[in-house]
């Protein structure tokens, strides 16, 4: 039995796809008598099956070396496209997180989406979503991962656009798709190039190829940059970061998935691609720069948001920025740990936010307050999630940072400064959110706020438990990807000695600022012009969207208008002119017996013109050799 | 056997056109004809040996000896996928024709003539015979646009006729020149392939042929007939035009331009690759600015057809196979999109993206059409899992080693596909259903059958692409080796 399960490990992603397909009749409205509930139950059941199956395999293959399973997908001419899967503790660890969170989210959605008339469509999309995510966890092939990333792009589009009748949702869905698509297309270019230069597209082959490649430095640099473009889009990194915060218009359960696992899927692919970033120093530097800019920028954006989901989603980009830096420094284990602890804590935070939104029908935090006593489970979830993300409490992220700075590598001061910066602002953001939402006096919209139903509270409480045990998980299941594991026994360097206390201090500082600042006043528009300038700058995301509107979007739309104008008036204009002239002249020539000679003259002029052209352009030998060949 | 693929449609066209039939009889005969042609094709598919380089099921009858015209038919891996596509899309087109169409006898007769003519052109292994079919198919299409078209049908049909007639003359000029130069005794394709002409001669003969072909495909700047023709043509005709008739151009490109003038082709290839990328980007840019859904799909066709030119210009083993694959893939996807746009037009009376709004509405809108449209759009913009992705990937992978910059530019074009199509989806299907559109007639499930069948193929070939590529692989490679 276990052998059978082990051999057929590749069906795990397919379970949820099957669920999605089985429930199509409900989503399409063919089955109406039963209501949409059966569709939800079927999808949850399939996820349970997937979770159980992957758990069994995870235990079976624990501490065994990784194995690759290669499928020959397509052989054409000299090209052999293979898709390969990895059966390893790491891939199944990732799969456990995917199926586990997906299961909790779907149960949560049962409560959150209860009154939505297209519940079945939602669950079908979630099934599709989960398939792509689970596939990425198992994939060992860049091509397969690309395909699944694209499937994620599509399902994100459909999930963000779930309530497609609202105008904001429409633009959010479009922006999410197009922004990610920019990254995806550049990644596709890289894949085409890599496949042309390289041996194959499997991650495990990548490293050997990179070490022996003979590429020119410029090409290698471009290739390296193009490869990281896809993850930049997926992980909402600068300059492709804005979609994630816009995507908050979609249903919240999908938002949980997006902010915890989907961004992680992009980063997971990046981690797998890490050998390729060594193609050229430029790509590694680019990763660090992008990560740093995003981490600092989005940390600032987050504290100025008054929409609960947007405040949290900007912070997602910031943590992903840290992941990018870690990959750029080739510390993939740290990146992996960051992803793990962030995913769990962020999922919990989003569940809590979703409960607040559902109960109060409101996303604006300035209209909230006093929910502590009314929604205890939700408050506790928020608190635990926040604790998991701030290096002040001894939960997941603290231990990750700790490992980062006491690993067997040299750490620089700048890195510590960036991490402290993110930590301070994350602490400010989460503390002030907690205060405005849960503490203080209740306002109109939060006065009557009952706790959420069990479908939502049970997943939340389960995740609280998971968040509390995340610090132990890396000890229990040490899934190190690279040989230089982050646990070092050597004497730590100077930075490392001060790192942990400094990090704790930064967390404490953030919490103190966050809890002393005047929240309500400070987040209404200030009358102090300087303060207001910065507030607006952060709240409107540094006006990046405006910048896009006047650059890229304006360029494409003007180019389109220009092309369309040229098409209509120049190219088609010539065609119509010629035809008009023909009609006109033939009408005129009807009465003219010398029409024939004019025709000859035109022909001669054209022929002489062609001959002249060939002489001027040095094509003359062509003409002469042609005639000599005929003679 | 191959003659049947041409004769059955022609004979049925004669029966429908000449005998006075009442009611649904013309439609039923047309469907029976299309089904039988498809069945014959499927039988051929089972007997077809795709490892063989030479032509199969050959029929060679001397016709007009003093000109050198032979009735020489045969299929190989290059033409057979297209013959199959033709018979399949003909059935789709006939099925999706409204049963209340005006002058049904003439319509179905013309449609069958068109289909038979296209099949003949794909099957012909004699240059003059190809030219005859190539011209023959223009006439019914002219009438199909001019009689059953939209408001500006006269203009569009005339433009189409003039353009394609010019294309035909240029192709003929090149063929005549070839026979004259080689002093060949007949127009037989295979015998004309063997002698290698000097480069200059090849270029002189290739130039008119290429312009003729570029008009047909169409490639920028010879494309302006296509958007007009598509906008004015009715839905089934658009399906055939995009799905089959444009492929005559790319087929002729591979078969004759590459097959007969390989040296000249390779000499011009760098310029052709650049032209392909211009055409792709130009088509995509124009598509963004369009307000008529059908024009968007038409310009998108121009962009996607340019990838075939790109692949052909690279002349690698992979890219030639990819070119054929891209033809099939574009045939299926564009047919799918035209069907859905036609469905929207039929139910709402409009194709204007500024008028339509919120059609995904599950109660009063067109939710299934909308859902299919989203999938079609994704297929066209190259989403993995559907046939558009893998065919374009092979095109790009095949041409990248030879022409990296044009390939990357074409990839940008692929990115733009998502832009213009998402704009359409967002405007037409998302949003709130407007009052004026609130009482749309429901779409019956049987009206969706063609779209679902196409979708099934699009996904199947997306997952199992070798079911298409193995047909043409051997032959595509043989084109390059002169075998």
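Values in this text are rule-based calculations from the coordinates and carry no lab data. All of these numbers come straight from a predicted model, not from anything done at the bench. Cβ sites come from the backbone with ideal geometry, for glycine too, and all protein chains shown count toward neighbours.
Report note on the peptides A:175-183, A:442-450, B:107-115: ranked by the mean count of other C-beta atoms within 10 Å, highest first, their order is B:107-115, A:175-183, A:442-450.
With contacts taken as Cα pairs under 8 Å at a separation of at least 6 residues, chain A carries a relative contact order of 11 percent. Any chance you could give the angle, 0 to 90 degrees and rounded to 10, that helix A:37-61 forms with the longest Cα principal axis of chain A? Its long axis makes an angle of about 80 degrees. As an equivalent ellipsoid, chain A spans semi-axes of 51, 31, 28 angstrom, where each value is the square root of five times an eigenvalue of the C-alpha gyration tensor, largest first.
Restricted to Cα atoms, region A:125-167 shows a radius of gyration and a Dmax of 11.9, 39 angstrom.
Going by how many other beta carbons lie within 10 Å of each one, how would you line up A:568, A:435, fewest first?
Ascending number of Cβ neighbours within 10 Å: A:568, A:435.
Remark: mean inter-chain Cβ contacts per residue of B:373-381 equal 2, using a 10 Å Cβ-Cβ cutoff to other protein chain atoms.
Over region B:1-60, the pair-distance histogram of Cα-Cα distances with 10 Å bins from zero comes to 20, 41, 24, 12, 3 percent, rounded to whole numbers. Normalised Debye scattering of the protein assembly as shown at q = 0.05 Å⁻¹ gives log10 I(q)/I(0) of -0.36, counting only Cα atoms as equal scatterers and leaving out solvent. The coefficient of translational diffusion for chain B, derived via Stokes-Einstein from the alpha carbon Kirkwood radius under 4 °C and 1.567 mPa s, stands at 58 µm²/s. Note on region A:110-193: Cα convex hull, mean projected area over all directions, 6.1 nm². In terms of packing, defined here as the mean over residues of other Cβ atoms within 10 angstrom, the peptides A:53-66, B:378-391 line up highest first as B:378-391, A:53-66.
Pairwise Cα distances in region B:184-239 exceed 17 Å for 60 percent of all pairs.
For region A:34-115, the pair-distance distribution built from all alpha carbon pairs, in bins 10 Å wide starting at 0, is 16, 31, 25, 20, 7, 1 percent. Using only Cα atoms and rounding to the nearest 10 degrees, what angle (0 to 90) does helix B:2-18 make with the longest principal axis of chain B? Roughly 50 degrees between the two axes.
Show me the three semi-axes of the equivalent ellipsoid for region B:410-483, from the C-alpha gyration tensor (sqrt of 5 times each eigenvalue), largest first, rounded to whole Å. Intermediate values should be presented prior to the final figure.
Details: eigenvalues 306, 81, 17 Å².
The equivalent ellipsoid of region B:410-483 has semi-axes of 39, 20, 9 Å.
Ellipticity at 222 nm from helices only: DSSP H runs of n ≥ 4 in chain A, each -39500 (n - 2.57), divided by the residue count, give -23000 deg cm²/dmol. Please report the spacing between the Cα centers of region A:197-220 and region A:238-282 in Å, no decimals. Region A:197-220 and region A:238-282 have Cα centres spaced 24 Å from each other.
Sorting A:32, B:397 on the 10 Å Cβ count, fewest up front, what's the list? Provide the component values of the computation, followed by the final result.
Numbers: A:32 9, B:397 24.
By the 10 Å Cβ count, ascending, the order reads A:32, B:397.
Shielding by partners for peptide A:362-375, expressed as the average number of C-beta atoms from other protein chains within 10 Å of each residue's C-beta, is 0.
Our summary gives chain B a relative contact order of 16 percent, counting only alpha carbon pairs under 8 angstrom and 6 or more residues apart. The mean count of C-beta atoms from other chains within 10 Å of the C-beta of residues in A:138-151, rounded to a whole number, is 2. In units of the compact-protein estimate 2.2 N^0.38 Å, region A:1-140 shows a Cα radius of gyration of 1.17.
Distance between Cα centroids, region A:387-419 to region B:80-95: provide it in whole Å. Computed from Cα coordinates, the inter-centre distance equals 63 Å.
Binning the alpha carbon pair distances of region A:146-227 at 10 angstrom intervals from zero yields the distribution 17, 37, 22, 16, 7, 1, expressed in whole percent.
Add -39500 (n - 2.57) for each DSSP H run of 4 or more in chain B, then divide by its residues: what number comes out at 222 nm, to the nearest 500 deg cm²/dmol? Intermediate results must be reported in sequence, preceding the final value.
Values: 20 runs with 332 residues, N = 483.
Calculated mean residue ellipticity at 222 nm is -23000 deg cm²/dmol.
Hydrodynamic analysis of region A:142-330 uses the Kirkwood radius over alpha carbon pairs. Inserted into Stokes-Einstein at 37 °C and 0.692 mPa s, it gives a translational diffusion coefficient of 198 µm²/s. Centre-to-centre separation between the Cα atoms of region B:295-349 and those of region A:441-470: 51 Å. May I ask for the angle, rounded to the nearest 10°, between helix A:12-22 and the longest principal axis of chain A, with both axes built from Cα atoms and the value confined to 0 to 90°? Taking the Cα atoms of chain A, the angle to A:12-22 is about 70 degrees.
Hey, any idea what Rg/Rh is for region B:262-483, computing Rh the Kirkwood way over Cα pairs? It would help to have the intermediate numbers written out before the result.
On the way: Rg = 18.6 Å, Rh = 18.0 Å.
Radius of gyration over Kirkwood radius for region B:262-483 works out to 1.03.
With the highest mean first, a sort of the peptides A:316-327, A:391-402, B:138-149 on other beta-carbon atoms found within 10 angstrom per residue produces A:316-327, A:391-402, B:138-149.
A viscosity of 1.306 mPa s and a temperature of 10 °C, combined with the Kirkwood radius over Cα pairs in Stokes-Einstein, give a translational diffusion coefficient for region B:258-380 of 99 µm²/s.
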